[in-house]
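Here's the structure we're looking at; comments come further down.
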């Protein structure tokens with residue numbers, strides 16, 4: 001019976017199809033589009049711009065691969081993987097396994113090209129003559145904000161891959177004939193976007209507001225200037241980079257943190273560590289160094305406040321609670337799992353004298369039993385001894401910059417802190433780098449000494465000003481903040497510095513690192529899907 005019903009039904013459908021076989025019946029009627037409907041009003045553009053910040057957060061957040069932050073640190077001069085590695089970071093210290101099928105490289109390519117298409121949609125839309133609901137100034141503000149993020153994405157790609165496909169308009173359908181543009185063309189496009197952004201973005205004191213006050217996390221012209229300085233350095237145009245960095249410093253809008261402030265200023269600590277306390281990171285919270293802070297909200301109180309679950313705290317901090325007699329504590333940064341360890345060079349060779357950046361409040365080197373349980377009464381308050389593998393994961397010295405404890409999430413899966421992506425401390429470092437590259441060693445020493453004075457470190461002289469010293473100082477100032485791999489790729493120093501300063505780690509040593517690793521492999525999937533043209537692979541892969 002079921003068979004007969006099936007046949008009858010099929011015949012009925014066939015009869016209907018033939019009996020109504022008109023051309024219109026066969027016409028496709030799509031209910032979705034490859035790109036969104038054309039943006040036409042201020043609300044649409046505003047929503048699309050806000051989406052760029054959401055997407056930027058996905059570049060830093062990937063909980064499915066918890067070792068994602070390690071990709072950009074291990075296998076360099078500053079960090080090593082531990083036995084608690086997650087997996088995605090393995091090819092970034094065991095370089096022989098870094099191939100075109102690597103997940104980390106595919107993620108990098110994917111996140112940045114999605115950003116580029118999102119920004120192209122906005123730029124194309126705002127440049128459409130039919131858009132008449134915004135003033136000329138309003139249009140320039142929208143375009144500038146989108147172009148900043150487009151430049152940001154292309155700079156990430158150019159640093160990691162060299163020349164890449166240059167897409168200047170939103171894709172309106174599948175495309176399978178991409179080719180790599182020369183690096184000079186990509187660089188010139190980035191510079192053009194950033195010059196426009198710097199000229200048209202608002203001053204940091206004039207960024208958009210909401211009912212709670214200024215939204216300092218939105219793009220301002222100094223963000224474009226800082227990125228432009230970095231791009232000019234990568235292009236070997238240090239004179240132009242110097243102009244951008246000098247202009248930021250001379251603006252008077254920012255100042256180095258030199259005094260205690262904020263939510264924990266009454267507790268033990270120091271002014272440098274205050275800058276990284278949860279509740280202190282934003283300009284509106286007293287961080288006068290902040291140029292760009294990607295602001296996040298605690299997901300336990302704001303739904304969608306954080307994209308995915310960033311793993312920076314779990315990666316950078318020690319798993320001290322695995323030690324009997326140790327309990328989770330806010331003062332110890334909450335729950336981390338020690339997926340990376342600072343290199344011996346950072347721990348024992350980088351800092352000299354009374355540099356505040358190496359204080360107990362900024363790099364935690366000692367732990368004390370803190371569990372009040374009577375079982376551990378004999379240990380309470382005593383220092384935890386350094387023994388065996390505990391020093392690699394459980395009580396390894398670590399930066400405190402990512403530590404934060406959320407009582408609503410004692411397991412510590414979500415990271416609730418903001419991302420400080422640009423601050424004045426780095427502006428001085430970019431300036432000094434530009435000066436060294438021009439042979440202005442006296443000026444570079446003066447620039448570096450501004451940072452070292454703030455840190456209470458010994459002053460340096462012109463004779464010490466080399467690129468190596470600048471990169472050392474970047475580690476001292478920006479450990480745990482900067483993308484160290486991209487810095488060393490940008491400066492062409494990854495191989496030399498990693499092998500010279502960090503090749504003797506006994507747990508997860510660097511192996512297979514060669515000059516080809518100054519660039520990442522183009523993802524194989526991108527090459528294979530591009531059936532109508534050739535995307536050439538980077539040499540050696």
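What follows draws every value from the coordinates through simple rules; no lab data is involved. Remember, predicted model here, so these are calculated numbers, not experimental data. So basically every Cβ, Gly included, is an ideal-geometry build from the backbone, and we count neighbours across all protein chains shown.
Across bins of 5 angstrom width beginning at 0, how are the C-alpha pair distances of the range 470-527 distributed, in whole percent?
Using 5 Å bins, I get a P(r) of 4, 15, 23, 23, 20, 9, 4, 2 for the range 470-527.
Tell me the Rg and the Dmax, in Å, that the Cα atoms of the range 312-399 produce.
13.2, 40
Using packing as a proxy for protection, rank 189-198, 148-157 so that the peptide with the highest average count of other Cβ atoms within 10 Å comes first.
148-157, 189-198
Decide, for the range 164-254, between rounded, prolate and oblate: order the square roots of the alpha carbon gyration tensor eigenvalues as a ≥ b ≥ c, take rounded if a/c falls under 1.5, and otherwise choose prolate if a/b is larger than b/c, else oblate.
oblate
Helix 467-478 against the longest principal axis of the chain: what's the angle in degrees, Cα atoms only, rounded to the nearest 10?
90
Using DSSP, restrict attention to beta bridges with both residues in the chain and report what percent are antiparallel, rounded to the nearest 5.
The antiparallel fraction comes to roughly 85 percent.
What full-extension length gain, to one decimal in nm, is calculated for residue 63 and residue 169 as 0.36 nm per residue of separation minus the Cα-Cα distance?
Net length gain for the segment: 35.0 nm.
Using a Förster radius of 30 Å, what is the FRET efficiency between residue 195 and residue 288 based on their Cβ-Cβ separation? Nearest 0.05, please.
Taking R0 as 30 Å, the efficiency between residue 195 and residue 288 is 0.65.
Multiplying the sequence separation of residue 236 and residue 461 by 0.36 nm and subtracting their Cα-Cα distance, what value in nm do you get?
Here the answer is 78.6 nm.
Determine the gain in length on full extension of the stretch residue 531-residue 352; use 0.36 nm per residue of separation and subtract their C-alpha separation, reporting nm with one decimal.
Computed gain between residue 531 and residue 352 is 58.9 nm.
Give the peptides 521-531, 478-488 in descending order of average Cβ contacts within 10 Å, highest first.
Listed from highest to lowest mean packing, they are 478-488, 521-531.
Pairs of Cα atoms under 8 Å, at least six residues apart: use those to get the relative contact order of the range 312-399, whole percent.
Averaging sequence separation for qualifying contacts and normalising by length gives 40 percent for the range 312-399.
Within the range 499-536, list the residues whose amide N lies under 13 Å from a label point set 7 Å along Cα→Cβ of residue 99.
The answer is 524-525, whose backbone nitrogens lie closer than 13 Å to the label point.
Which of these values of volume of the Cα convex hull per residue in Å³ was calculated from the structure shown: [x] 218; [y] 231; [z] 150?
Given [x] 218; [y] 231; [z] 150, the calculated one carries the label [x].
Restricted to Cα positions, what overall size does the range 210-296 have along the principal axes? Three whole-Å values, descending.
Between the extreme Cα coordinates on each principal axis of the range 210-296 lie 45, 32, 22 Å.
To the nearest 10 degrees, how steep is helix 2-19 against the longest Cα principal axis of the chain, on a 0 to 90 scale?
Roughly 70 degrees between the two axes.
Round to the nearest 10 and give me the degree value, 0 to 90, for the angle of helix 441-455's Cα axis relative to the longest principal axis of the chain.
80
Taking only C-alpha pairs under 8 Å that are 6+ residues apart, what is the relative contact order of the chain in percent?
Result for the chain is 21 percent.
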